[in-house]
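Quick notes on the structure that follows.
The values are calculated or read from the model by the stated rules, or taken from the named source; none is laboratory data. All values reported here derive from a predicted model rather than from experimental measurement. Cβ placement follows ideal geometry from the backbone for every residue including glycine, while neighbour counts extend to all protein chains displayed. Just the protein is used for accessible areas: all its heavy atoms, side chains included, with ligands, DNA and RNA removed. Shrake-Rupley method; radii C 1.70, N 1.55, O 1.52, S 1.80 Å.
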Amino acid sequence: DPQFELLPYDTRGTPEGAAAAAQTALDDGSALLLGPLLASSTRAVAPVARSARVPVIAFTSDRTVAEPGVFVLGFTPQAEVRRVLSYAAANDLRRIAVLAPQDAYGTAVVAAAQEAATGVGGRIVRTQFYEPTANDFGPAVAGVTRAGPGQAFDALLIADGGERLRLIGAYLPMHNLQLPQVRILGTGAWDDQAVGSEPALV
(Lines give C-alpha, C1' and ligand atoms only; values in the text may rest on other atoms or scores of the structure.)
Protein backbone atom coordinates (compact mmCIF):
# COMPACT_ATOMS: atom_id res chain seq x y z
CA ASP A 1 0.00 0.00 0.00
CA PRO A 2 1.66 3.27 -1.08
CA GLN A 3 -0.04 5.04 1.84
CA PHE A 4 1.76 2.81 4.34
CA GLU A 5 5.35 3.62 5.32
CA LEU A 6 7.52 1.75 7.82
CA LEU A 7 10.37 3.84 9.22
CA PRO A 8 13.15 2.33 11.38
CA TYR A 9 14.65 4.35 14.26
CA ASP A 10 17.71 3.30 16.25
CA THR A 11 17.10 3.10 20.02
CA ARG A 12 20.85 2.55 20.63
CA GLY A 13 19.83 -0.23 23.01
CA THR A 14 19.16 2.14 25.92
CA PRO A 15 16.02 3.60 27.53
CA GLU A 16 17.29 7.11 26.78
CA GLY A 17 17.94 6.18 23.16
CA ALA A 18 14.47 4.63 22.91
CA ALA A 19 12.81 7.78 24.25
CA ALA A 20 14.79 9.94 21.81
CA ALA A 21 13.95 7.62 18.89
CA ALA A 22 10.27 7.71 19.83
CA GLN A 23 10.31 11.49 19.93
CA THR A 24 11.98 11.64 16.51
CA ALA A 25 9.43 9.19 15.09
CA LEU A 26 6.59 11.27 16.46
CA ASP A 27 8.14 14.48 15.10
CA ASP A 28 8.22 12.72 11.72
CA GLY A 29 4.47 12.11 11.96
CA SER A 30 4.38 8.44 12.98
CA ALA A 31 0.90 7.21 13.86
CA LEU A 32 2.04 3.99 15.59
CA LEU A 33 5.24 2.91 17.34
CA LEU A 34 6.36 -0.73 16.92
CA GLY A 35 8.91 -1.49 19.64
CA PRO A 36 11.05 -1.07 21.59
CA LEU A 37 12.25 -4.52 22.61
CA LEU A 38 13.00 -4.31 26.35
CA ALA A 39 10.77 -3.41 29.28
CA SER A 40 13.08 -0.63 30.51
CA SER A 41 13.00 1.04 27.09
CA THR A 42 9.23 0.59 26.86
CA ARG A 43 8.82 2.43 30.17
CA ALA A 44 10.91 5.30 28.78
CA VAL A 45 8.89 5.46 25.54
CA ALA A 46 5.43 5.30 27.16
CA PRO A 47 5.19 8.91 28.41
CA VAL A 48 6.56 10.26 25.11
CA ALA A 49 3.93 8.34 23.13
CA ARG A 50 1.16 9.09 25.62
CA SER A 51 1.70 12.84 25.33
CA ALA A 52 1.26 12.53 21.54
CA ARG A 53 -1.69 10.09 21.89
CA VAL A 54 0.12 7.54 19.72
CA PRO A 55 -0.12 3.81 20.59
CA VAL A 56 2.92 1.61 21.23
CA ILE A 57 3.22 -2.10 20.45
CA ALA A 58 6.28 -3.21 22.41
CA PHE A 59 8.08 -6.51 21.81
CA THR A 60 8.85 -7.13 25.48
CA SER A 61 7.44 -10.13 27.34
CA ASP A 62 7.09 -8.13 30.57
CA ARG A 63 3.38 -7.47 30.89
CA THR A 64 3.91 -5.05 33.79
CA VAL A 65 4.73 -2.33 31.24
CA ALA A 66 1.33 -2.65 29.57
CA GLU A 67 -0.99 0.31 30.13
CA PRO A 68 -3.61 2.19 28.14
CA GLY A 69 -1.97 2.84 24.77
CA VAL A 70 1.00 0.51 25.43
CA PHE A 71 0.54 -3.08 24.29
CA VAL A 72 2.83 -6.06 24.87
CA LEU A 73 3.44 -8.42 21.96
CA GLY A 74 6.09 -10.75 23.44
CA PHE A 75 5.51 -14.19 24.96
CA THR A 76 4.69 -13.62 28.62
CA PRO A 77 5.89 -16.01 31.34
CA GLN A 78 2.28 -16.33 32.50
CA ALA A 79 1.05 -17.64 29.13
CA GLU A 80 4.04 -19.96 28.70
CA VAL A 81 3.79 -21.46 32.18
CA ARG A 82 0.03 -21.93 31.91
CA ARG A 83 0.53 -23.89 28.67
CA VAL A 84 3.41 -25.97 30.04
CA LEU A 85 1.54 -26.92 33.22
CA SER A 86 -1.58 -27.75 31.21
CA TYR A 87 0.59 -30.15 29.20
CA ALA A 88 2.02 -31.60 32.41
CA ALA A 89 -1.42 -32.17 33.93
CA ALA A 90 -2.65 -33.82 30.73
CA ASN A 91 0.23 -36.28 31.17
CA ASP A 92 -0.62 -36.88 34.85
CA LEU A 93 2.29 -34.78 36.13
CA ARG A 94 0.54 -32.84 38.88
CA ARG A 95 3.17 -32.39 41.59
CA ILE A 96 5.54 -29.75 40.31
CA ALA A 97 8.83 -28.37 41.65
CA VAL A 98 10.20 -25.07 40.34
CA LEU A 99 13.84 -24.02 40.05
CA ALA A 100 14.17 -20.34 39.17
CA PRO A 101 16.61 -17.41 39.28
CA GLN A 102 16.10 -14.87 42.04
CA ASP A 103 15.19 -12.05 39.65
CA ALA A 104 12.09 -10.50 38.09
CA TYR A 105 11.74 -13.27 35.50
CA GLY A 106 12.12 -16.07 38.04
CA THR A 107 9.65 -14.44 40.41
CA ALA A 108 7.13 -14.04 37.57
CA VAL A 109 7.50 -17.70 36.58
CA VAL A 110 7.01 -18.94 40.15
CA ALA A 111 3.91 -16.77 40.62
CA ALA A 112 2.53 -17.94 37.28
CA ALA A 113 3.23 -21.57 38.16
CA GLN A 114 1.39 -21.28 41.47
CA GLU A 115 -1.62 -19.76 39.73
CA ALA A 116 -1.58 -22.14 36.77
CA ALA A 117 -1.13 -25.30 38.88
CA THR A 118 -4.31 -24.56 40.77
CA GLY A 119 -6.21 -24.11 37.52
CA VAL A 120 -5.15 -27.50 36.12
CA GLY A 121 -5.58 -29.55 39.30
CA GLY A 122 -1.90 -29.63 40.18
CA ARG A 123 0.20 -28.08 42.89
CA ILE A 124 3.62 -26.60 43.39
CA VAL A 125 5.22 -28.78 46.05
CA ARG A 126 8.65 -27.17 46.11
CA THR A 127 10.28 -23.93 44.97
CA GLN A 128 14.01 -23.21 44.91
CA PHE A 129 15.50 -19.86 43.91
CA TYR A 130 19.17 -19.30 43.09
CA GLU A 131 21.39 -16.28 42.55
CA PRO A 132 21.57 -15.67 38.77
CA THR A 133 25.21 -14.57 38.98
CA ALA A 134 26.32 -17.73 40.80
CA ASN A 135 29.12 -19.84 39.37
CA ASP A 136 27.99 -23.06 41.07
CA PHE A 137 24.39 -24.23 40.68
CA GLY A 138 24.96 -27.47 42.57
CA PRO A 139 23.52 -26.15 45.86
CA ALA A 140 20.35 -24.93 44.12
CA VAL A 141 19.83 -28.29 42.40
CA ALA A 142 20.53 -30.09 45.67
CA GLY A 143 18.03 -27.83 47.41
CA VAL A 144 15.20 -28.59 45.01
CA THR A 145 15.91 -32.32 44.76
CA ARG A 146 16.16 -32.82 48.53
CA ALA A 147 12.42 -33.21 48.95
CA GLY A 148 10.97 -33.54 52.43
CA PRO A 149 7.71 -35.23 53.46
CA GLY A 150 4.95 -34.33 51.01
CA GLN A 151 7.44 -32.66 48.67
CA ALA A 152 8.05 -35.46 46.14
CA PHE A 153 7.43 -34.22 42.61
CA ASP A 154 6.58 -35.61 39.18
CA ALA A 155 8.11 -32.77 37.16
CA LEU A 156 10.70 -30.04 37.60
CA LEU A 157 10.12 -26.69 35.87
CA ILE A 158 13.43 -24.91 35.24
CA ALA A 159 12.90 -21.22 34.51
CA ASP A 160 16.14 -20.37 32.78
CA GLY A 161 18.01 -20.72 29.52
CA GLY A 162 21.38 -20.46 27.85
CA GLU A 163 24.57 -21.37 29.66
CA ARG A 164 22.94 -21.31 33.11
CA LEU A 165 20.39 -23.89 31.99
CA ARG A 166 23.12 -26.18 30.66
CA LEU A 167 25.08 -25.87 33.91
CA ILE A 168 21.96 -26.65 35.94
CA GLY A 169 21.20 -29.62 33.68
CA ALA A 170 24.63 -31.10 34.30
CA TYR A 171 23.91 -31.20 38.04
CA LEU A 172 20.56 -32.99 37.79
CA PRO A 173 21.89 -36.58 37.60
CA MET A 174 24.46 -35.82 40.33
CA HIS A 175 21.74 -35.14 42.87
CA ASN A 176 19.75 -38.34 42.43
CA LEU A 177 16.99 -36.82 40.35
CA GLN A 178 15.26 -39.87 38.89
CA LEU A 179 15.33 -39.20 35.15
CA PRO A 180 13.26 -39.84 33.06
CA GLN A 181 10.63 -40.71 35.71
CA VAL A 182 10.75 -37.07 36.80
CA ARG A 183 10.02 -34.97 33.74
CA ILE A 184 11.94 -31.77 33.10
CA LEU A 185 9.84 -28.82 31.94
CA GLY A 186 10.96 -25.46 30.58
CA THR A 187 9.82 -22.07 29.33
CA GLY A 188 10.53 -20.10 26.18
CA ALA A 189 14.00 -19.43 27.60
CA TRP A 190 14.81 -22.98 26.42
CA ASP A 191 14.51 -21.89 22.77
CA ASP A 192 18.19 -22.52 22.12
CA GLN A 193 19.64 -25.32 20.00
CA ALA A 194 22.52 -25.78 22.45
CA VAL A 195 20.14 -27.05 25.15
CA GLY A 196 20.32 -30.51 23.56
CA SER A 197 24.06 -30.63 24.17
CA GLU A 198 23.34 -31.45 27.82
CA PRO A 199 22.13 -35.08 28.02
CA ALA A 200 19.94 -34.52 31.09
CA LEU A 201 17.94 -31.91 29.16
CA VAL A 202 17.35 -33.96 25.99
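Please label the shape of region 81-202 as rounded, prolate or oblate, based on the square roots a ≥ b ≥ c of the eigenvalues of the alpha-carbon gyration tensor (a/c under 1.5 means rounded; beyond that, a/b larger than b/c means prolate, else oblate).
Taking the square roots of the gyration eigenvalues as a ≥ b ≥ c, region 81-202 is rounded.
Would you mind telling me the share, in percent, of accessible area of region 87-171 contributed by carbon and sulfur at probe 1.4 angstrom?
Carbon plus sulfur share of accessible area: 51 percent.
With +1 on the Cβ of every Lys and Arg and -1 on the Cβ of every Asp and Glu, and nothing else charged, how large is the dipole of region 1-143 about its Cα centre, in debye rounded to the nearest 20?
700
Compute the projected area of the convex hull of the Cα atoms of region 1-154, averaged over all viewing directions, and report it in nm² to one decimal place.
The directionally averaged projection comes out at 12.3 nm².
In degrees, nearest 10, range 0 to 90: what is the angle between the Cα axis of helix 39-52 and the longest Cα principal axis of the chain?
Approximately 30 degrees, to the nearest ten.
Take region 155-202, drop everything but the C-alpha atoms, weight them equally and run the Debye formula without solvent; then report log10 I(q)/I(0) at 0.15, 0.24, 0.30 Å⁻¹ to two decimals.
Rounded to two decimals, the profile gives -0.32, -0.85, -1.29.
Roughly how large, in nm² to one decimal, is the mean projection of the convex hull of the alpha-carbon atoms in region 1-71?
Taking a quarter of the hull surface, the average projection is 4.5 nm².
With a 1.4 Å probe and every protein chain left in place, work out the accessible area per residue of the chain in Å², rounded to a whole number.
The answer is 55 Å² per residue.
Filter the trypsin sites (Lys or Arg not before Pro) in region 41-93 to those in DSSP coil with at most 15 other Cβ atoms within 10 Å of their Cβ, and list the result.
Those satisfying the criteria are ARG53.
Ranked highest first by average number of other Cβ atoms within 10 Å, how do 187-196, 6-15 line up?
The peptides rank, most packed first, as 187-196, 6-15.
Could you give the angle, 0 to 90 degrees to the nearest 10, between helix 104-119's Cα long axis and the longest principal axis of the Cα atoms of the chain?
So the inclination is approximately 70 degrees.
Tell me the angle of helix 162-171 to the major Cα principal axis of the chain, expressed in degrees between 0 and 90 and rounded to the nearest ten.
10
Take the Cα radius of gyration of region 67-128 and divide it by 2.2 N^0.38 Å, with N its residue count; two decimals is plenty.
The reported ratio for this selection is 1.20.
Counting other Cβ atoms within 10 Å, which trypsin sites (Lys or Arg not before Pro) in region 95-202 have at most 12 and lie in a DSSP loop?
Loop-located and lightly packed - ARG146.
Could you give each residue of region 24-36 its phi-based ³J(HN,Hα) in whole Hz, using Karplus coefficients 6.51, -1.76, 1.60 with θ = phi - 60°, and x for Gly or Pro?
5, 4, 5, 4, 7, x, 5, 9, 7, 10, 9, x, x
Through the Karplus equation 6.51 cos²θ - 1.76 cosθ + 1.60, θ set to phi - 60°, convert the phi angles of region 185-198 into ³J(HN,Hα) values in whole Hz; use x for Gly and Pro.
Taking θ as phi minus 60°, the curve returns 10, x, 10, x, 5, 7, 6, 8, 4, 5, 4, x, 6, 9 Hz for region 185-198.
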